[in-house]
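K.L.:
One structure, pasted below without further comment.
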Amino acid sequence: QVLLEESGGGLVQAGGSLTLSCSASGSIFSIDAMDWYRQAPGKQRELVASITSHGSTEYENYAAAVMGRFTISRDTENRVVLQMNSLKPEDTAVYYCKTVARDSRWSALTDYWGQGTQVTVSS
């Protein structure tokens, strides 16, 4: 099994910045992708950003709502960072890290989720 630990959430004023991190640990054979989702009260969980790595090449995708303001990156094999700039009140949500990974060579690809971290943006 793969464990995800998130940190970096908090309270910030509109226009401010936060950095979220997610570290994967446990039994890890390979990681196919690492993603950030968010869910605001009364709304569906939505994909915010994703990153996949193949060799030395990284592929990043962003939701339209955060394009140009958020940046996803991997600073190690098992750690992903979401840099959030120019935060808006509508960014307020619980942010979840998700990885698609195998815990052995013969395991199927499986989704693993972090516990979530609260981001609150005040106006």
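K.L.:
Along the range 17-30, what does the Karplus equation 6.51 cos²θ - 1.76 cosθ + 1.60 (θ = phi - 60°) give for ³J(HN,Hα), rounded to whole Hz, x for Gly and Pro?
P.N.:
3J(HN,Hα) across the range 17-30, in whole Hz: 9, 9, 10, 9, 10, 9, 10, 9, 9, x, 7, 10, 8, 7.
K.L.:
Got the relative contact order for the range 30-90 handy, in percent, Cα pairs under 8 Å and 6 or more residues apart?
P.N.:
With pairs under 8 Å counted, the relative contact order is 23 percent.
K.L.:
Which percent of the accessible heavy-atom area of the chain goes to carbon and sulfur, probe 1.4 angstrom?
P.N.:
47 percent
K.L.:
May I ask you to rank Ser104, Ser56, Ser21 by accessible area, largest first, using a 1.4 Å probe over the protein chains only?
P.N.:
Per-residue accessible area, sorted high to low, gives Ser56, Ser104, Ser21.
K.L.:
Can you sort Phe70, Phe29 by 1.4 Å-probe accessible area, starting with the largest?
P.N.:
Per-residue accessible area, sorted high to low, gives Phe29, Phe70.
K.L.:
Also, I was wondering about something else. Run the 1.4 Å probe and let me know the accessible area of Lys43, rounded to the nearest 10 Å².
P.N.:
The accessible area of Lys43 comes to roughly 130 Å².
K.L.:
Using the Kirkwood formula on the Cα atoms of the range 1-103, what hydrodynamic radius do you get, in angstrom to one decimal?
P.N.:
14.1 Å
K.L.:
Local charge sum around Gly116 (other residues, Cβ-Cβ under 15 Å, Lys/Arg +1, Asp/Glu -1)?
P.N.:
Neighbourhood net charge equals -2.
K.L.:
Count charges around Met84 for me, please; just the other residues with Cβ under 14 Å from its Cβ, Lys/Arg as +1, Asp/Glu as -1.
P.N.:
0
K.L.:
Give me the percent relative contact order of the chain, please, defined on Cα pairs under 8 angstrom at least 6 residues apart.
P.N.:
Here the relative contact order equals 36 percent.
K.L.:
Return one whole number: the accessible area per residue of the chain in Å², for a 1.4 Å probe.
P.N.:
For the chain, the per-residue accessible area is 53 Å².
K.L.:
Another question, then. Just to check I understand the Karplus step: with θ = phi - 60° and J = 6.51 cos²θ - 1.76 cosθ + 1.60, what whole-Hz values come out for the range 97-103, glycine and proline as x?
P.N.:
Once θ is set to phi - 60°, the couplings for the range 97-103 become 8, 9, 10, 10, 8, 10, 9 Hz.
K.L.:
Excluding Thr52 itself, what net charge comes from residues whose Cβ is under 12 Å from its Cβ, given Lys and Arg +1 and Asp and Glu -1?
P.N.:
Neighbourhood net charge equals -3.
The values are calculated or read from the model by the stated rules, or taken from the named source; none is laboratory data. Keep in mind that what you see is a predicted model, and the values were worked out from it rather than measured. Cβ sites come from the backbone with ideal geometry, for glycine too, and all protein chains shown count toward neighbours. Heavy atoms of the whole protein, side chains included, go into the accessibility calculation; ligands, DNA and RNA do not. Shrake-Rupley method; radii C 1.70, N 1.55, O 1.52, S 1.80 Å.
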